[in-house]
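The values are calculated or read from the model by the stated rules, or taken from the named source; none is laboratory data. Just so you know, these numbers come straight off a predicted model, no measurement behind them. All Cβ positions, glycine included, derive from the backbone under ideal geometry; neighbour counts span all protein chains shown. Remember, those area values only see protein heavy atoms, side chains included, never the ligands or the DNA or RNA. Shrake-Rupley method; radii C 1.70, N 1.55, O 1.52, S 1.80 Å.
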Amino acid sequence: MDDLIAGTGVAYRSLANPGFMDNLLRQVDSIGDRGVFTDVVTADRRTPMVATRDIADAAARLLLDTTWSGVDTVPVLGPEDLSPQDMAGTMSEVLGTPIRYERESYDAQAARMSSYGVGAAFVRGMTDMMSAKEAGLDAGVARTPETASPTTFRQWCEQVLKPAVSG
């Protein structure tokens, strides 16, 4: 879609975002009740993680900049690369209880999404995206002062995850 929009000739900037910290909120019950979160990547795979509030701030900043023209992609990468192991350690510290990561198979993830009524094309797209992430998709852009965003995973856990688990 980005290519189609950019091809129209309008001034266009898209945000390129890696993994979202906020996606963990889908697993708040599992994290709170069982001390477990899951994904399909290896436990030591480090990737950029970003808080959605930082994405919103970047989008607002770009939308308010009326001096810009052209076509561009603007990465918002968060302040650090994290692995599921790193995330489990931080969540354990912030929540004051052991949290562990369990790797889920692609087939199990697809079956879970399908059980929620998600269509086959979407499930396949998500599986393909997660496979590409495992292969290093999110490692293609360097973190710089311009591509980094401020919210650390620890801050996000303290301000967003902990209240969600406690609530």
Pull up region 5-49, narrow it to residues that are in contact (Cβ under 8 Å) with a residue 40 or more places away in the chain, over 15 Å from the mean Cα position of the chain (by Cα) and open to solvent by 50 Å² or more (accessible area, probe 1.4 Å), then point me to the one that is farthest from Arg100 (Cα to Cα). Ala11
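Out of Thr97, Thr73, report the one residue that is touching a residue at least 60 places away in the same chain (Cβ under 8 Å) and within 21 Å of Pro145 (Cα to Cα). First the steps, then the outcome.
On the way: Thr97 fails: within 21 Å of Pro145 (Cα to Cα).
The match here is Thr73.
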Every residue in region 90-106 that is part of a helix (DSSP H, G or I) and either open to solvent by less than 60 Å² (accessible area, probe 1.4 Å) or closer than 24 Å to Cys157 by Cβ (or both), please. Thr90, Met91, Ser92, Glu93, Val94, Leu95
Which number in (1) farther than 30 Å from Ala111 by Cα; (2) loosely packed, with under 15 Cβ neighbours inside 10 Å marks the one condition that Met1 misses? (1)
If you take the residues in region 94-133 that are among the basic types (Lys, Arg) and at pLDDT below 90, which one is farthest from the chain's Cα centre (by Cα)? Arg112
Where residues in region 107-133 are open to solvent by 40 Å² or more (accessible area, probe 1.4 Å) and charged (D, E, K, R), which of them is nearest to Asp81 (Cα to Cα)? Asp128
